[in-house]
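Trainee: Quick one: structure below, then a few questions.
We did not get these values from a lab; they are worked out from the coordinates using the rules stated. Since this is a predicted model, take the numbers as computed values, not measurements. Cβ sites come from the backbone with ideal geometry, for glycine too, and all protein chains shown count toward neighbours.
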Amino acid sequence: MDIGIYSINGSRYMVGEDPVWVTAQETKTDPVKFKDVEESMTYELKFPNGISASCTTSYKVNGINRTTAYADNGSFGLTPAFNYDGNKGWRSDNKPLEAPEVDQFATEMDNFADCIINNRPTSVPGEMGLRDVRTMMALYESARTGRTVALA
């Protein structure tokens with residue numbers, strides 16, 4: 001949950017929709033060490049517009065810290081993609097993909113504090129977290145049953 005959520009959120013953000021079905025497989029090479037948590041998972045998210053996201057997450061394998069989007073006229077991505085201390089973008093046409101470097105955690109905490117101080121809703125409501133949990137539970141169900149799981 002802690003690591004795979006980044007791919008789910010990144011996919012949802014890039015596509016602009018929530019997935020309609022998921023499928024997942026779990027790999028566990030060390031059942032003692034990973035007795036209470038998944039070791040590695042690969043999964044696919046399918047969106048209403050036909051776009052699919054293929055994702056991998058692992059507590060065992062280092063270096064899976066990137067995201068790539070393939071589009072009709074090229075590709076783009078981030079490597080690293082999920083760091084708190086800076087992400088680096090790239091484009092297949094070799095033009096720069098730049099964004100200001102920000103402390104994402106501090107920005108999030110500042111936003112929450114501003115919501116409390118100014119009595120305004122957060123841009124990341126609890127409903128979004130609930131969708132994340134439902135998606136992750138569907139992924140676990142798919143990995144357990146070997147079946148595709150539809151999301152309502």
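Trainee: Since THR57 meets every condition but one in (1) hydroxyl-bearing (Ser, Thr, Tyr); (2) in contact (Cβ under 8 Å) with a residue 60 or more places away in the chain; (3) touching a helix residue (DSSP H, G or I) at 6+ places or on another chain (Cβ under 9 Å), which condition does it not meet?
Mentor: (2)
Trainee: Continuing with this model, one more query. Please pick out the residue among THR67, THR135, THR57 that is touching a Leu at 6+ places or on another chain (Cβ under 6 Å), closer than 22 Å to THR23 by Cβ and of a type in the set (S, T, N, Q). Working first, answer last.
Mentor: On the way: THR135 fails: touching a Leu at 6+ places or on another chain (Cβ under 6 Å); THR57 fails: touching a Leu at 6+ places or on another chain (Cβ under 6 Å).
Matching residue, one of THR67, THR135, THR57: THR67.
Trainee: If you go through region 129-152 one residue at a time, how many are part of a helix (DSSP H, G or I) and either of a type in the set (D, E, K, R) or loosely packed, with under 14 Cβ neighbours inside 10 Å (or both)?
Mentor: As a first pass, look at region 129-152 and keep what is part of a helix (DSSP H, G or I): 129-145.
Subset that is either of a type in the set (D, E, K, R) or loosely packed, with under 14 Cβ neighbours inside 10 Å (or both): 129-134, 141, 144-145.
Within region 129-152, residues that are part of a helix (DSSP H, G or I) and either of a type in the set (D, E, K, R) or loosely packed, with under 14 Cβ neighbours inside 10 Å (or both) number 9.
Trainee: To continue, here is another question. What are the pairs, 6+ residues apart or on separate chains, where a residue within region 129-152 that is closer than 18 Å to GLU38 by Cα has its Cβ under 9 Å from a residue that is buried (at least 17 other Cβ atoms within 10 Å of the Cβ) and of a type in the set (Lys, Arg)?
Mentor: From region 129-152, the pairs are ASP132/ARG12; THR135/ARG12.
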